[in-house]
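As structure tokens, the structure follows; a few thoughts come after it.
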Amino acid sequence: QVQLQESGPGLVKPSQTLSLTCTTSGGSITTSYYAWTWIRQPPGKGLEWMGVIAYDGVTYYSPSLRSRTSISRDTSNNHISLQLTSVTPEDTAVYYCARDPSYYSGNYYGLRGYDYWGQGTQVTVSS
């Protein structure tokens, strides 16, 4: 069984760094051709693709967030991490990690089909 679970602080102050961890189980994050995606949904808005780390460790980011976003992995414990710097209240959202099962090549920008999702974690940016 594949499971994904987001975790991290639910409240972040403006200008600080948002740091979340996606804990995965049921398979290796290095298995081809999986990719591991961060997606967020602000209140009352649609899903926003943030970025992805593929099975080979290559990362791709949304152009609007690239300068502030970093996705990394720890293959020893199958963790996928997200760091978003210099946050503002507009970064308030539910943050999800999700698995893309068919990431055969790079340059796949934007939302795709996902076979597993975490439950999401609410992050509020407020002073």
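When the residues of region 1-58 are narrowed to those that are in a strand (DSSP E or B) and among the aromatic types (Phe, Trp, Tyr), which ends up nearest to the chain's Cα centre (by Cα)?
My answer is Trp38.
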Taking region 59-73, which residues are of a type in the set (Gly, Ala, Ser) and assigned to a strand (DSSP E or B)?
-> Ser70, Ser72
What number of residues in region 1-23 are within 19 Å of Tyr103 (Cβ to Cβ) and either open to solvent by 10 Å² or more (accessible area, probe 1.4 Å) or touching a Lys or Arg at 6+ places or on another chain (Cβ under 6 Å) (or both)?
-> 2
Output the residues belonging to region 117-127 that are loosely packed, with under 14 Cβ neighbours inside 10 Å, assigned to a loop (DSSP other than H, G, I, E, B) and at pLDDT 95 or above.
-> Gln119, Ser126
Lone qualifier among Tyr114, Tyr95 - being touching a residue at least 60 places away in the same chain (Cβ under 8 Å) and either assigned to a loop (DSSP other than H, G, I, E, B) or in contact with a helix residue (DSSP H, G or I) (Cβ under 7 Å, 6 or more places away or on another chain) (or both) = Tyr114
State which residue pairs qualify: first residue closer than 19 Å to Met50 by Cα and inside region 8-30, second residue modelled with pLDDT of 95 or more and among the charged types (D, E, K, R) in any location, beta carbons under 6 Å apart, and separation of 6 or more residues or different chains.
-> Leu20/Glu6; Cys22/Glu6; Ile29/Arg73
Among the residues of region 75-85, how many are buried (at least 18 other Cβ atoms within 10 Å of the Cβ) and more than 27 Å from Val125 (Cβ to Cβ)?
-> 1
Return only the number of the condition from (1) open to solvent by 70 Å² or more (accessible area, probe 1.4 Å); (2) farther than 12 Å from Ile39 by Cα; (3) among the aliphatic types (A, V, I, L, M) that Val58 does not satisfy.
-> (1)
If we keep just the residues of region 61-74 that are farther than 15 Å from Asp100 by Cβ and among the basic types (Lys, Arg), which is surrounded by the fewest Cβ atoms within 10 Å (Cβ to Cβ)?
-> Arg66
Gly44 vs (1) at negative phi; (2) at pLDDT 95 or above; (3) open to solvent by 30 Å² or more (accessible area, probe 1.4 Å): all pass except (1)
All conditions in (1) open to solvent by 50 Å² or more (accessible area, probe 1.4 Å); (2) hydroxyl-bearing (Ser, Thr, Tyr); (3) farther than 14 Å from Thr124 by Cα are true of Thr88 except (3)
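The values are calculated or read from the model by the stated rules, or taken from the named source; none is laboratory data. A quick note: this is a predicted structure, and the numbers were derived from the prediction, not measured. Don't worry about glycine lacking a Cβ; one is built from the backbone with ideal geometry, like all the others, and counts go over all protein chains shown. Areas reflect the complete protein model, heavy atoms only, side chains present, ligands, DNA and RNA absent. Shrake-Rupley method; radii C 1.70, N 1.55, O 1.52, S 1.80 Å.
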